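Have a look at the structure below, then the notes.
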Amino acid sequence: MSENTEASVRAEVRAWLEANWNPELGLVEWRNKLVDSGWGVPHWPKAWYGRELSAGLIPVVDEEFQRIGAIGVAKAGIRTLAAATILAHGTDLQKEKFLRRSLTGEDTWCQLFSEPGSGSDVAGAVTRAELRGNQWVVNGQKVWTTSAHHAHWGLLLARTDWDKAKHKGLSYFIIDMHQPGVTVQPLRQMNGHASFNQVFLTDALVQPEFLVADVGDGWAVTTTTLMHERRGADSLRSWAMGSDRPGRAYDEERAEIATTMEPYKWYPQRAGRVDLILPRARETGAIDDPVMRQEIAKLLVMSKSAEWTARRARTAQEQGRPQGPEGSLGKLVSSYIARAAARLHTQMSGANAMLTGEDSPMGGVIAEIFVSVPATSIAGGTDEIQRNIIAERVLKMPREPSVDTIKPFRDVPRNVVA
Amino acid sequence: MKFSFSGEQEEFRSNLRRFLTDRAPTKEVRRLMETDVGWEGAGWRALNAELGLTAVRIPEAYGGHGFGFGEHCIVLEEMGRSLLCAPYFATTVLAAGAILNAGTEGQKQALLPGIASGDTIATLASTEASGSWEAAATTLTATPSGASYRLNGHKSFVLDGHTADLIVVLARAPGTTGEAGLSFFTVAGHAAGLSRRALKVMDPTRKLARLEFQDVEASLLGEADAAAAPFNRTMTEAAVCLANEMVGGAERLREDALAYAMMRMQFGRPIASFQSMKHKQADMLLEVELAKSAAYYAAAALDDGDADVAATASLAKACASDTYMQTAIHAIQIHGGIGFTWDNDTHLWFKRAKSSEVLFGDASHHRELMMRNWAA
Ligand SMILES: Cc1cc2nc3c(=O)[nH]c(=O)nc-3n(C[C@H](O)[C@H](O)[C@H](O)COP(=O)(O)OP(=O)(O)OC[C@H]3O[C@@H](n4cnc5c(N)ncnc54)[C@H](O)[C@@H]3O)c2cc1C
């Protein structure tokens, strides 16, 4: 292993970017170059487009991209979870077929886990997959599927054995969303957007080589996907906002943000927009109100300490030490931050908090924060589920007696879904 | 002070609840909230023809039923529960309140019977773009012109201001400041020089408008330069009435969330069987019951002519504001993913909770008003 230092990595990535970055390249052409160079996902294995760089050096690479204004690989959305899951559990064939096109942004993904009857209890899925001849045939319904209307591929959790206990009868598939057996229906959210969907699977087909891991191992693979989703929910997450610079690659990135990334348009608002708290406090005069100052300060204390907790977790990971409890807290604290920020934003807006759209502060951004923040404590695992995980897995507190994991799944009581 | 409802009041409430369940199901709320007007004549007439609701607190001398705030607040609580879309609050609490508190005998005779019968839709325009709820912030001016006045300026956040037939306007004499020089005026909704625009509202069940006044002819309501006291009194009444409306909404959310938790299964058992769900529901019950007690007490204090009523009104509004919003946050959380959808009704109350929290001043504003009364 070569000795990578901050200085050597910085020099190397800077030299490569200076020689190769060209805003007049097509977006996919540029990202393919990036994938080949190893600088697109430098923390990934060398065998798969990476450089095995430690996590602690990633910010150095990011800084150099920002310095020159270079666009990175496609990072936001479910494709990140798909890539991480396939990297961890996929076959070489699956890695070959899916990783590169996810990084270039050519493939868009969705996560087909939640069902009308099972959300917190993802392992209670009743969508069934049966091997008929040489194909898996899938029947069932998924719900809250973000981006399904743009997705080429879906990460599918389905039941393959009803006689085994709940977690043992599940398998994990990659399903082609563009086939007659898959119907996607948008669902409107309380914030007016329709970024998630219902997905109906009626004799939908999956080729045998798109089973991830073994039959019956679906739960372990699902856990990997969920772990990445929950980690990603921490306060270090940033969403591609696009750049206003001229150039073909920038144009195409802007187009990507407007189309396949459109479902995520409100995601910054759902996190509470802590970045807007001080500017709004100055604009509204709340900054001079001693009571408001205290509330603002409390939020900043929480958001800064959460950011540093996430950094501690990253540093532990980078040093190859086992993650301490700090790694499990990011998603939960992000809910608290989002809620406190939404409250402050509306409070600072006074009577204007009753308005929306062009009549309202920041052209509707404040109203959108208020009506989007409730998603944060639900999506990707509710606050209650996060607390259970922290209590039972991190603190090792006794689990509740289980009524659903010990008998064959077909005998477990569940919701009657129409 | 009275701490329970009478048999007649309980009966009135259950009739009302049945009527509203029937006439204002959320399907109807959703239909009306999508319209610009926000309500419909037929539904409004039924409220009055069948139950005489606009007449409840108007004295018999002016064509009303002469009940007190106790009964008026029962109506508002039930309307908050059902999210009825109607210009009821603007007409019966704000406009009728200002007329009762400020008007001369002749003006009451002239204006109140139309409100009592439901023929007149009315509102109060006091707040301006500054968003301040205080009388002293008024900038719209009234200049004498013959026997009447001319109004110039603007009003904003006016409840049902784009549809009201009669608008009570708070204005000041040019050159005055603070609470001096303030008077109430009445203006016809279609008066020349008045332009009205519905604002885009976050809570579509509560319509607000912006009004521009350009030499609008207006009649003085009550005594000139003496509107501050009756305005403040009207705001005290409005805070109490809104607090009662709010606890109705909060209780509905609490009950719906409980019913959902009892029915929804995860991990092979009802989610209501998880201790964290039980604790949340117990906290919600506690908060809603406290807020109901404060709202009921404040209504009784108004009827009893309690000297401390301004502080009590603020207490009730502050308590209802925190409780309604917190209950709405819990209610969405208990519903999980379905609670975040448009088709689930929870967000209708979630948005109403916020618009109610803000309307007439948020919880910190009212806590401060309460302290000013009590710390003096
Ligand atoms: C914006 C958004 C995007 C989403 N995107 C996707 C997606 O792309 N793909 C996908 O598969 N899913 C997605 N989801 C679904 C999400 O993962 C689920 O909504 C979530 O896991 C909760 O499940 P549920 O909705 O069935 O609620 P339920 O599980 O029914 O929960 C209802 C309530 O019960 C509580 N509860 C449940 N179990 C327990 C327990 N053991 N202890 C204490 N309390 C408990 C919950 O905390 C919650 O308050 C999305 C959701 C949202 C809001």
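The values are calculated or read from the model by the stated rules, or taken from the named source; none is laboratory data. What you are looking at is a predicted structure, and each value in this text was computed from that prediction instead of being measured. Glycine also receives a Cβ, built like all others from the backbone with ideal geometry; neighbour counts cover every protein chain displayed. Only protein heavy atoms, including side chains, enter the accessible area calculation; ligands, DNA and RNA are left aside. Shrake-Rupley method; radii C 1.70, N 1.55, O 1.52, S 1.80 Å.
Worth pointing out:
- Rh by Kirkwood over Cα pairs, then Stokes-Einstein D for chain A at 1.567 mPa s and 4 °C, µm²/s: 56
- Hits among lysines - C-alpha to C-alpha of residue B:108 under 19 Å, sequence gap 8 or more where chains match: none
- Going from the isolated chain to the complete set of protein chains, region B:252-271 loses at least 10 Å² of heavy-atom accessible area (1.4 Å probe) at B:264, B:265, B:266, B:267, B:268, B:269.
- The distance separating the Cα centre of region A:61-137 from that of region A:171-218 comes to 12 Å.
- Between residue B:232 and residue B:6, the C-beta separation translates, for a Förster distance of 35 Å, into a calculated FRET efficiency of about 0.70.
- Here region B:124-178 and region A:252-269 have alpha carbon centers that stand 44 Å from each other.
- Top of B:320, B:250, B:228 by mean-square fluctuation, Gaussian network on chain B, Cα under 10 Å: B:228
- When you restrict to C-alpha pairs under 8 Å that are six or more residues apart and normalise by the size of chain A, the relative contact order lands at 15 percent.
- Kirkwood-type radius of region B:7-120, with distances r between different C-alpha atoms, in Å: 14.4
- Dipole-positive endmost among A:19, A:45, A:59 within region A:3-82 (Cβ charges, Cα centre): A:45
- Measuring how big region A:303-418 is from its alpha-carbon positions, Rg and Dmax come out at 19.9, 57 Å.
- Heavy atoms of the protein chains alone define the surface here; on that basis the protein assembly as shown has 41 Å² accessible area per residue at 1.4 Å probe size.
- GNM result for chain A, Cα springs below 10 Å: residue of A:94, A:347, A:111 fluctuating most strongly: A:347
- Distant-in-sequence amide contacts of residue B:216, defined by a placed amide H-H separation under 5 Å and a gap of 5 or more residues or a different chain, comprise B:151.
- Expressed to the nearest 5 percent, the antiparallel share of DSSP beta bridges inside region A:54-189 is 70 percent.
- Test item: B:342-349 mean partner chain Cβ contacts at 10 Å: 3
- Residues in region A:340-387 occluded by at least 40 Å² - accessible area, probe radius 1.4 Å, against chain by itself: A:347, A:351, A:354, A:355, A:356, A:359, A:370, A:378, A:384
- P(r) of region B:100-251 over all Cα-Cα pairs, binned every 5 Å from zero, in whole percent: 2, 9, 18, 23, 22, 15, 7, 3, 1, 0, 0
- Once the Cα atoms are used to define both axes, helix B:346-358 deviates from the longest principal axis of chain B by about 40 degrees.
- Using a probe radius of 1.4 angstrom, the carbon and sulfur fraction of the accessible surface of region B:7-120 is 51%.
- Inter-chain Cβ neighbour average for residues A:284-292, partner chain, 10 Å: 1
- DSSP assigns beta bridges within region A:109-188; of those with both partners inside it, close to 70 percent run antiparallel.
- In nm, spacing of pseudo-spin labels at residue B:110 and residue A:403 (7 Å Cα→C-beta vector): 6.9
- GNM top mover of A:34, A:155, A:300 - chain A, alpha-carbon springs below 10 Å: A:300
- Whole-Hz Karplus values for region A:395-410 come out as 8, 6, 6, x, 6, 5, x, 9, 9, 10, 10, 9, 10, x, 4, 5 Hz, taken residue by residue from phi with 6.51 cos²θ - 1.76 cosθ + 1.60 and θ = phi - 60°; glycine and proline positions read x.
- Accessible surface buried upon A-B contact (total; probe 1.4 Å; Å², nearest 100): 3800
- Over region A:278-339: Kirkwood hydrodynamic radius from C-alpha pairwise inverse distances, Å: 13.2
- Convex hull volume per residue in cubic angstrom - Cα atoms of region A:24-121: 131
- Accessible-area order (highest first, 1.4 angstrom probe) of the listed residues A:230, B:172: A:230, B:172
- With the gyration tensor restricted to C-alpha atoms of chain B, the semi-axes of the equivalent ellipsoid amount to 36, 21, 20 Å, longest first.
- Inter-site label distance for residue B:51 and residue B:21 at 7 Å from Cα along Cβ, in nm: 1.3
- Modelled this way, with points 7 Å down the Cα-to-C-beta line, the labels at residue A:390 and residue B:119 are 6.3 nm from one another.
- Centroid-to-centroid, using Cα positions, region A:3-56 and region B:345-362 are 50 Å apart.
- P(r) tail for region B:312-376: Cα pairs beyond 21 Å make up 34% of the total.
- On the beta carbon distance between residue A:179 and residue A:278, with R0 = 51 Å, the FRET formula returns roughly 0.55.
- Between the Cα long axis of helix B:41-51 and the first principal axis of chain B there is an angle of about 80°, rounded to the nearest 10.
- By accessible area with a 1.4 Å probe, ligands and nucleic acids excluded, highest first: order of B:242, A:57, A:93: A:93, A:57, B:242
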